[in-house]
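To start, the structure under review is shown below, and the notes come after it.
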């Protein structure tokens, strides 16, 4: 058995980017099937246009259209494409000097083998049929084999592009520390395990790889009581994206008897407006068959019915 | 060797809005930068180094945005640093920029901090569930609400004090053309009547989600000599601490008290309430005004709410706090700390416009971030500091 527990996490969001006027102009061009470059103060013709002039730092205002045909100035073969790359089959990333531009443009070249790519070869844009005003309006580049590419359709009368949606997803593996892993494994057995810091003698739950006060790992295992005191809390009334508990709910710091630090959990079986600082609570476990190595084995905490704890028994934990 | 004198001679900010969909991230920064440079009478070419700050990258979904922003910010060929200390970052970024001048490394440093919150959703970004844990987290409001409850319990403050702060800051914002919220007619009663979001924090007691940027030009003594109204830096302090530790004081964190003590010592201040004319304090949730008043030493522990309740923190009070409308009226997170630092500078330069406090000579700029874990603050003054 591995010393540590791990679990996959995906963090994903469709980011809404505002482009500003310069990149908006470029993307509007793509939607119309033309390539808009910026002319800089030192005479360069750059595509996409830089938002600000590299010499004068003024906003770019001089735009020119450049040809969808150009010459490969450098390339790199992608033998094993990954998700969200321009093609799902092997392809080349190419730097293309478009006719009329002075700086190369990065995109993908759709050929079957690296033998079909060479510096100096002539390539041209292959437009996507349905264009939305995004860099993906260019499917990719293809070798020039016939003289005249089909011209794009008439220019759109839609409003200029001002924004794009950029889906971003991160997939990673979350690893709990060895100390936390022991805590989560304890939960899988119906036990709440803390550890005492050998230096300052504080009992941490969950235990720590490094005590925040003195940096030493907590070591001495302490099985904690299933009862404790609500130190302070918040009633969450606000719904939000990704929320897993339906509001309103009480998110409370519970100081277990024998612990020196409170942890956050849910308080139920009492109306939210009757939850109090100092209220005595006990863990309510889910049915054993639903247990895993998670604090979610404890469904929630509920009042024990004991008198509230005196303020000075928990005031140093606020 | 002691620090070289340094001063703020340019302050710029954007019009803060829920969505600045007319500009890109670079455009947002440049709007603030160009105003700061114009204020300073300098051009981007004259700047020696650029220091950028913003809050978590997850807010815009761009890893290390300083890489793609470098050219647009005019940083090509110059040192470019990025600072990150969560919500306090705008303050820390200004302090890093100031330290480059105080250390004699550079003479003219431009610093800019921004957030474009409309590109995602901060509530989502701050509540990503962690495996094996209980998914009870509910954004920044959910994090801070229990600690506000602790403050109320500890101090015995009347429960309407938070509403006093919110009504004051929203009213102050009406005098600030850059503020995001211009909510006419906000009163203690209207705040108390607003929806309870994260009990005990109501809707009107929370900061908005804003797009915005702030920039400062910080220069050495020689360059400052050409400015009609430099804001001299009298002290800077940053402190950090663990977010969770046994018996950590979450209402009045040690790092905050330590930073304040260091700051007042550097500035030669022994009684902050008497010697500071105006303060811009990072108050994203209304109750943090009395909490930080105590932690910063403007009031004895447990009595900060009395300053607020009695009107002493209003524009015409003994210690006007957040005359700009504060974080409660504009919250481009990464920029919010720098806005506090910049507004403090505007006050001592006599350049705060409609929200100027007459005769302000020394001002505090303050920011905090994380789980009340990072603190940054400075004192600026109209006079050159004595050595």
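Details
- Any chance residue A:163 is in contact (Cβ under 8 Å) with a residue 24 or more places away in the chain, under 29 Å from the mean Cα position of the chain (by Cα) and closer than 30 Å to residue B:59 by Cβ: yes
Residue-by-condition table, conditions (1) in contact with a helix residue (DSSP H, G or I) (Cβ under 6 Å, 6 or more places away or on another chain); (2) outside any loop (DSSP other than H, G, I, E, B); (3) farther than 30 Å from residue B:204 by Cα:
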position: A:164; (1), (2), (3): no, yes, yes
position: A:167; (1), (2), (3): no, yes, yes
position: A:189; (1), (2), (3): no, no, yes
position: A:209; (1), (2), (3): yes, no, yes
position: A:212; (1), (2), (3): no, no, yes
position: A:225; (1), (2), (3): no, no, yes
position: A:238; (1), (2), (3): no, no, no
position: A:246; (1), (2), (3): no, no, no
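- Scan of the range A:270-287 for residues that are without any contact (Cβ under 8 Å) to a residue 40 or more places away in the chain and touching a strand residue (DSSP E or B) at 6+ places or on another chain (Cβ under 8 Å), ordered by number: A:270, A:272, A:273, A:284, A:286
- Within the range A:288-307, tally of residues that are touching a residue at least 60 places away in the same chain (Cβ under 8 Å) and in a strand (DSSP E or B): 2
- Qualifying residue in the range A:266-287 (condition: within 8 Å of chain B (Cβ to nearest Cβ), assigned to a strand (DSSP E or B) and buried (at least 19 other Cβ atoms within 10 Å of the Cβ)): yes
- Tally of residues being surrounded by fewer than 20 Cβ atoms within 10 Å (Cβ to Cβ) and within 13 Å of another protein chain (Cβ to nearest Cβ) across the range B:201-225: 2
- Every listed requirement among (1) facing chain B (nearest Cβ under 10 Å); (2) under 19 Å from residue A:317 (Cα atoms); (3) in a loop (DSSP other than H, G, I, E, B) is met by residue A:258 save one, (1).
- Only one of A:118, A:156 that is in contact with a helix residue (DSSP H, G or I) (Cβ under 9 Å, 6 or more places away or on another chain) and in the same structural domain as residue A:45 (by TED's automatic domain parsing): A:156
- The set of residues in the range B:103-141 being farther than 30 Å from residue A:183 by Cβ, more than 7 Å from chain A (Cβ to nearest Cβ) and part of a loop (DSSP other than H, G, I, E, B) consists of B:103, B:104, B:105, B:106, B:107.
- Scanning the range A:19-31 for residues that are more than 14 Å from chain B (Cβ to nearest Cβ) and either in contact with a helix residue (DSSP H, G or I) (Cβ under 8 Å, 6 or more places away or on another chain) or at pLDDT below 95 (or both) returns A:30, A:31.
- Flag if residue A:181 is touching a helix residue (DSSP H, G or I) at 6+ places or on another chain (Cβ under 9 Å) and either under 24 Å from residue A:5 (Cβ atoms) or away from every other protein chain (no Cβ under 13 Å) (or both): no
- The range B:154-189 - residue that is touching a strand residue (DSSP E or B) at 6+ places or on another chain (Cβ under 8 Å) and part of a loop (DSSP other than H, G, I, E, B) and, of those, surrounded by the fewest Cβ atoms within 10 Å (Cβ to Cβ): B:178
- Residue match in the range A:166-187 (condition: within 25 Å of the chain's Cα centre (by Cα), within 24 Å of residue A:36 (Cβ to Cβ) and surrounded by 14 or more Cβ atoms within 10 Å (Cβ to Cβ)): yes
- Those helices (runs of 4 or more DSSP H) of the range B:252-330 in which 3 or more residues are within 14 Å of the chain's Cα centre (by Cα) occupy B:288-295, B:326-329.
- For the range A:41-53, the criterion of being touching a residue at least 60 places away in the same chain (Cβ under 8 Å) and away from every other protein chain (no Cβ under 14 Å) is met by none of the residues.
The values are calculated or read from the model by the stated rules, or taken from the named source; none is laboratory data. What you see is a predicted model, and the numbers here were worked out from it, not measured in a lab. For neighbour counting, all protein chains shown are included, and Cβ atoms are generated from backbone atoms with ideal geometry for every residue, glycine included.
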